[in-house]
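Q: Structure incoming, see below.
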Amino acid sequence: MRLSELSERSGVSTATIKYYLREQLLPPGRRVSATQAEYTDGHVRRLRLIRALLQVGRLPVATAREVLNHADDESLGRTIRLGAALWSLPHGPDPDEEAPETAAATAEVERLLDRLGWSTAREIGSLSPAHRSLVASLATLIRLGYPCEGDYLADHARLMHEVAVRDLDMMETYPTESEQVEMAVASAVLHEPLLASLRRLAQEEESARRYGL
């Protein structure tokens, strides 16, 4: 398809598509002449992901480019490729290493990972932005007097593992590894607010069931 059709199918203006091309967010089309290129369904899919990253995720262009570069890196194994792309997304704050609560939170996370048998998470440890964000969150809760006990954390972690299983099951329905990684990145940006909303709705429903309106 030509640029005008790509614009029509994607709902993205030609000027914006050209901007994404200049910023190396969108791969170039196949050149058919000095002034024209042909684009594919993969470009339509990529435009959806770019809009999710920029408009929903509010990522700066440079960060979005980094995420997409990792997603496109076919030299990496699927786990590393997916992890690199997801690690490039914004995460919560890092823990304050000077705060006394951080040591307690770090120990709690280590006990949790041992209890769950999550060996990869233990090996990666503080290299993972998600690990650091979890430690920071627990440290804040400890500091404010709302510590999470082990059973509570483990129960929620197991529920999140079930979510992860379903996420990867859905990811594997896409035919190519590139599409699978793109879908996982889009899911991280679009579905996390959805999951938070579902949790709050479930809390409202359970509260009404237990206590009435």
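The values are calculated or read from the model by the stated rules, or taken from the named source; none is laboratory data. Since the structure is predicted, the reported quantities are computational estimates derived from the model, not experimental observations. Cβ placement follows ideal geometry from the backbone for every residue including glycine, while neighbour counts extend to all protein chains displayed. Only protein heavy atoms, including side chains, enter the accessible area calculation; ligands, DNA and RNA are left aside. Shrake-Rupley method; radii C 1.70, N 1.55, O 1.52, S 1.80 Å.
Q: About the Cα centre of the stretch 79-162, how large is the charge dipole given +1 on each Lys and Arg Cβ and -1 on each Asp and Glu Cβ? Please answer in debye to the nearest 20. Please list the in-between numbers first.
A: On the way: 7 positive and 13 negative charges, 63 e Å.
For this selection, approximately 300 debye.
Q: May I ask you to give the solvent-accessible area per residue for the stretch 100-213, in square angstrom, as obtained with a 1.4 angstrom probe? Mind dumping the intermediate values first?
A: Working: 7510 Å² over 114 residues.
Per residue, the stretch 100-213 has 66 Å² of solvent-accessible surface.
Q: Quick test of the membrane-span-like rule: which DSSP H helices of the chain reach at least 20 Å along their long axis (C-alpha atoms) with mean Kyte hydropathy at least -1.0?
A: Values: long enough: 100-116 (25 Å, -0.19); 129-144 (22 Å, 0.82); 150-171 (31 Å, -0.17); 177-211 (48 Å, -0.41).
The qualifying helices are 100-116, 129-144, 150-171, 177-211.
Q: Compute a Gaussian network model of the chain, connecting alpha carbons closer than 10 Å, and tell me which residue from Leu194, Leu53, Leu134 fluctuates the most.
A: Per the Cα network of the chain with a 10 Å cutoff, Leu194 tops the list.
Q: The stretch 90-141: percent of C-alpha pairs farther apart than 12 Å?
A: Details: 786 of 1326 pairs.
That fraction is 59 percent.
Q: Based on the Kirkwood radius over alpha-carbon pairs, what value in µm²/s does the Stokes-Einstein equation return for the translational diffusion coefficient of the stretch 89-178 at 20 °C and 1.002 mPa s? Let's see the in-between values first.
A: Numbers: Rh = 14.3 Å.
Result for D is 150 µm²/s.
Q: Here's a follow-up. Return the distance in nm (one decimal) between the two label points of a simple spin-label model at Thr40 and Glu172, each offset 7 Å from Cα along Cα→Cβ.
A: With each label point 7 Å from Cα toward Cβ, the separation is 2.5 nm.
Q: Additional query: Full-extension gain between Ser197 and Val32, please, as 0.36 nm times their residue separation minus the C-alpha to C-alpha distance. Please report the intermediate quantities before stating the final value.
A: Working: separation 165, 0.36 × 165 = 59.40 nm, distance 4.67 nm.
Here the segment from Ser197 to Val32 would lengthen by 54.7 nm.
Q: Something else about it: Mind checking which of Ala164, Gly29, Ala136 is farthest towards the positive end of the chain's charge dipole, using Cβ charges of +1 (Lys, Arg) and -1 (Asp, Glu) about the Cα centre?
A: Gly29
Q: State the percentage of accessible surface on the chain attributable to carbon and sulfur atoms; use a 1.4 Å probe and exclude ligands, DNA and RNA.
A: Working: 7190 of 13390 Å².
Carbon plus sulfur share of accessible area: 54 percent.
Q: Now, a different point. When Rg is the radius of gyration of the Cα atoms in the chain and Rh is its Kirkwood radius, what does Rg/Rh come to?
A: On the way: Rg = 20.9 Å, Rh = 19.8 Å.
Ratio value, two decimals: 1.05.
Q: Let me ask something else about it. Explain nothing, just the number: relative contact order of the stretch 28-88, from Cα pairs under 8 Å at least 6 residues apart, as a whole percent.
A: On the way: 37 pairs, mean separation 12.0, N = 61.
Dividing the mean separation by the residue count of the stretch 28-88 yields 20 percent.
Q: Rounded to the nearest 0.05, what FRET efficiency do Leu141 and Leu116 give with R0 = 22 Å and r taken as the Cβ-Cβ distance? Could you check?
A: Numbers: r = 19 Å, r/R0 = 0.87.
Efficiency at R0 = 22 Å is approximately 0.70.
Q: How much length, in nm to one decimal, is gained on full extension between Thr79 and Val56, taken as 0.36 nm per residue of separation minus their Cα-Cα distance? Please report the intermediate quantities before stating the final value.
A: Numbers: separation 23, 0.36 × 23 = 8.28 nm, distance 2.47 nm.
Once the chain is fully extended between Thr79 and Val56, it gains 5.8 nm.
Q: Now for a different question. Between Glu23 and Val163, what is the label-to-label distance in nm when each label sits 7 Å out along the Cα-to-Cβ direction?
A: Rounded to a tenth, the inter-label distance reads 2.8 nm.
Q: Per residue, what volume in Å³ does the convex hull of the Cα atoms of the stretch 121-160 enclose?
A: Details: hull volume 2.8 nm³, N = 40.
About 71 Å³ per residue, rounded to a whole number.
Q: As I understand it, the dipole of the chain uses +1 on the Cβ of Lys and Arg and -1 on the Cβ of Asp and Glu, about the Cα centre. Which of Gln180, Gly125, Ile50 lies farthest toward its positive end?
A: Value: Ile50.
Q: Over 13 Å, how big is the tail of the calculated P(r) for the stretch 125-192, in percent of all Cα pairs?
A: Numbers: 1684 of 2278 pairs.
In whole percent, the share of Cα-Cα pairs in the stretch 125-192 beyond 13 Å is 74.
Q: Something else about it: Pull up all non-local amide H partners of Ala37: gap of 5 or more, or a different chain, and H-to-H distance under 5 Å with H placed in the peptide plane.
A: Leu3, Val32
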